[in-house]
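*Asks:* If you scroll down you'll find the structure; I have some questions about it.
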Amino acid sequence: MDEETRYEAVSSRDARFDGEFFFAVATTGIYCRPSCPAVTPKRKNVRFYPTAAAAQGNGFRACRRCRPDAVPGSADWNARADVVGRAMRMIGDGIVDREGVPGLAGRLGYSTRQVQRQLTGELGAGPVALARAQRSHTARVLLQTTGLPITEIAFASGFASVRQFNDTIRQIYARTPSALRVEAGTGTGGGAGARAADSTGAPALAAGIPLRLAYRGAYAAREVFGLLAREALPRVEEVIGEPGARTYRRTLRLPYGTGMAAVNEAPHSGWLDARIHLTDLRDLTTAVQRLRRLFDLDADPYAVDERLGADPRLAPLVAARPGLRSPGAADPDELAVRTLVGQNDAVRLVETYGKALDLPCGALTHLFPEPGALTGADDPALRALATALADGAVRLDPGADREEAEQALLTLPGITARTAGLIRMRALGDPDVAPSGEPDAEAWRPWRSYAMRHHWAADPGSAA
């Protein structure tokens, strides 16, 4: 899009482009999402930025009306396989907070200077600024949804010091952390809420951190929750309730600790309600991103439905299920193992190798076993996959090179082309996995994974 087209999107308050770009107003010092309900500024006063971090880096603060930091992420980062796309997925997963820019660069196979140059050149902000914008959003969520002490929130959000936290919040939101909290009405008495337990001593998900997981366009929640219900692995995950009002719950293994998440099926106007309970709040950003990938919340259904709806064979399927998503995985290694062994054997793996939670919550009692725990399994194919995942010969993290990962999978015993493709589609969140036996699939690019989802939704037996 050129700048004139972007300005037209701003003038019409087009929510389709929320998260795809941001605009700032030179006369007010504020940046917004395209759908901001405020009076449209004059064209001469508008500046456009590809990321919120770029707008912040140029001295603009977030709009109080449209909360531009809360929009869905750009679908580009999931679709792109280049260094910038991979870097954005890894930054979203919190890699800069955990390992710094050298860790990000090392995983990408580039020098820190090259990563800095490429991100700054295309996105207007380097990895530190992008991570800083993400930390600020995490901090705002914690300030406005929990009563945790502000000092604890500062470090849980990834800031190195309370002073850095305070300065950043003031710069981006033009308010102090305390003012943000008062504005949301969370007060100071709910600190225990993020760690509350029920009468059995189990963590109460209802007392966890409440979140709104934003998405753009239509969202075919029934199909997503139906798939998760069919795949639900006892002890690790469950779907409760009746269709239309279901709740998906699962355990999470995270970098600093463990977590439990609950996501409600009933969609609101642009978001799904969720709650996350964490043993370590530093995992909040990572947990949120993994849920976003699982529910495919950063997709662009406008672009997907337009491309696939142009195919006469797919048009009726698209019309029947607007906003159909291609769900990913909350744990890529777990998804790979489950795809290889199947549902029944996955249940046995949890029973034999799964780690029991110190504080179970109802039917959620275990974490799925890590690859390292499966390297001694009897099944040679499982043993080979687990070993490859454990030693890094196969990487399925958000920044992995998808082509390299698929080729590495295909060298392992028991991994067929179909299995590798499914792992690439789900574990790596690739929106453009080529289906087999479809001569016209090139016309569906770059959304071939969604085309297959439409076929499977119309004929569930074909996915088996």
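*Asks:* Determine the distance separating the Cα centre of segment 369-445 from the Cα centre of segment 249-281; give it in Å without decimals.
*Replies:* 25 Å
*Asks:* If you average the sequence gap of Cα pairs under 8 Å that are 6 or more apart and divide by the length of the chain, what percent do you get for the contact order? Kindly include the intermediate steps, with their values, before the conclusion.
*Replies:* Working: 828 pairs, mean separation 58.9, N = 464.
Across the chain, relative contact order equals 13 percent.
*Asks:* Please state, rounded to one decimal and in Å, the Kirkwood hydrodynamic radius that segment 44-200 gives when every pair of distinct Cα atoms enters the mean of 1/r.
*Replies:* Computed over Cα pairs of segment 44-200, the Kirkwood hydrodynamic radius comes out at 16.8 Å.
*Asks:* Can I ask one more? Rank TYR302, TYR49, TYR248 by accessible area, highest first, at a 1.4 Å probe radius?
*Replies:* TYR302, TYR49, TYR248
*Asks:* Long-range amide H contacts for LEU357: which residues qualify at under 5 Å (H placed 1.01 Å from N, peptide plane, sequence gap of 5 or more or a different chain)?
*Replies:* HIS366, LEU367
*Asks:* Please list, in order along segment 428-433, the HN-Hα scalar couplings obtained from phi with the Karplus expression 6.51 cos²θ - 1.76 cosθ + 1.60 (θ = phi - 60°), rounded to whole Hz, x for Gly and Pro.
*Replies:* 9, x, 7, x, 10, 7
*Asks:* Largest first and in whole Å, what are the equivalent-ellipsoid semi-axes of segment 1-66 based on the Cα gyration tensor, each being the root of 5 times an eigenvalue? All intermediate terms of the calculation are to be shown ahead of the outcome.
*Replies:* Details: eigenvalues 47, 30, 28 Å².
Semi-axes from the Cα gyration tensor: 15, 12, 12 Å.
*Asks:* Just to check I understand the Karplus step: with θ = phi - 60° and J = 6.51 cos²θ - 1.76 cosθ + 1.60, what whole-Hz values come out for segment 248-265, glycine and proline as x?
*Replies:* Calculated HN-Hα couplings, in order: 9, 10, 7, 8, 9, 9, 10, x, 9, x, 10, x, 9, 10, 9, 10, 8, 6 Hz.
*Asks:* Taking Rh as the Kirkwood radius computed over C-alpha pairs, what is the Stokes-Einstein D of the chain at 25 °C in a medium of viscosity 0.890 mPa s, expressed in µm² per second?
*Replies:* Rounded, D is 107 µm²/s.
*Asks:* Find the eigenvalues of the gyration tensor of the Cα atoms of segment 306-434, then list the square roots of 5 times those eigenvalues as equivalent ellipsoid semi-axes, largest first, in whole angstrom.
*Replies:* Details: eigenvalues 179, 78, 32 Å².
Working through the eigenvalues yields semi-axes of 30, 20, 13 Å.
*Asks:* Taking the square root of 5 times each eigenvalue of the Cα gyration tensor, what semi-axes in Å does the equivalent ellipsoid of segment 369-464 have, largest first?
*Replies:* The three semi-axes for segment 369-464 are 27, 15, 11 Å.
*Asks:* For the chain, build the charge dipole from Cβ charges (+1 Lys, Arg; -1 Asp, Glu) around the Cα centre, then report which of PRO431, MET1, THR27 sits farthest towards its positive end.
*Replies:* Of the listed residues, the answer is THR27.
*Asks:* For segment 354-424, what are Rg and Dmax over the alpha carbons, in angstrom?
*Replies:* For segment 354-424, the Cα-based Rg and Dmax read 14.2, 40 Å.
*Asks:* Here's another thing I want to ask about it. Please work out how much accessible surface CYS32 shows to a 1.4 Å probe, ignoring ligands, DNA and RNA, in Å² rounded to 10.
*Replies:* In the full protein context, CYS32 sits at about 10 Å².
*Asks:* Which order do the peptides 18-29, 267-278 come out in when sorted by mean C-beta neighbours inside 10 angstrom, highest first?
*Replies:* 18-29, 267-278
*Asks:* Also, I was wondering about something else. Starting at the first residue of segment 219-233, write each ³J(HN,Hα) from the Karplus equation 6.51 cos²θ - 1.76 cosθ + 1.60 with θ = phi - 60°, in whole Hz, x for Gly and Pro.
*Replies:* Going residue by residue, I get 9, 7, 5, 4, 5, 5, 5, x, 5, 5, 5, 5, 8, 3, 9 Hz, with x marking Gly and Pro.
*Asks:* To the nearest 20 debye, what charge dipole does segment 211-263 have about its Cα centre, counting +1 at the Cβ of each Lys and Arg and -1 at the Cβ of each Asp and Glu?
*Replies:* It comes to approximately 160 debye.
*Asks:* In the chain, which cysteines lack any other cysteine Cβ under 4.7 Å from their own?
*Replies:* Cysteines of the chain left without a disulfide-compatible partner: CYS361.
*Asks:* Let me ask you something else. For GLY392, what charge total do you get from the other residues with a beta carbon under 14 Å from its beta carbon, if Lys and Arg give +1 and Asp and Glu give -1?
*Replies:* -4
*Asks:* Can you give the Rg to Rh ratio of segment 1-123, both from alpha-carbon atoms, with Rh computed by the Kirkwood formula?
*Replies:* 1.01
The values are calculated or read from the model by the stated rules, or taken from the named source; none is laboratory data. Predicted, not measured: the structure shown is a model, and the values here were computed from it. Quick reminder, even Gly has a Cβ in these numbers, built from the backbone with ideal geometry, and neighbours come from all protein chains shown. Ligands, DNA and RNA are stripped out before the accessible areas are found, and what is left, the full protein with its side chains, is counted by its heavy atoms. Shrake-Rupley method; radii C 1.70, N 1.55, O 1.52, S 1.80 Å.
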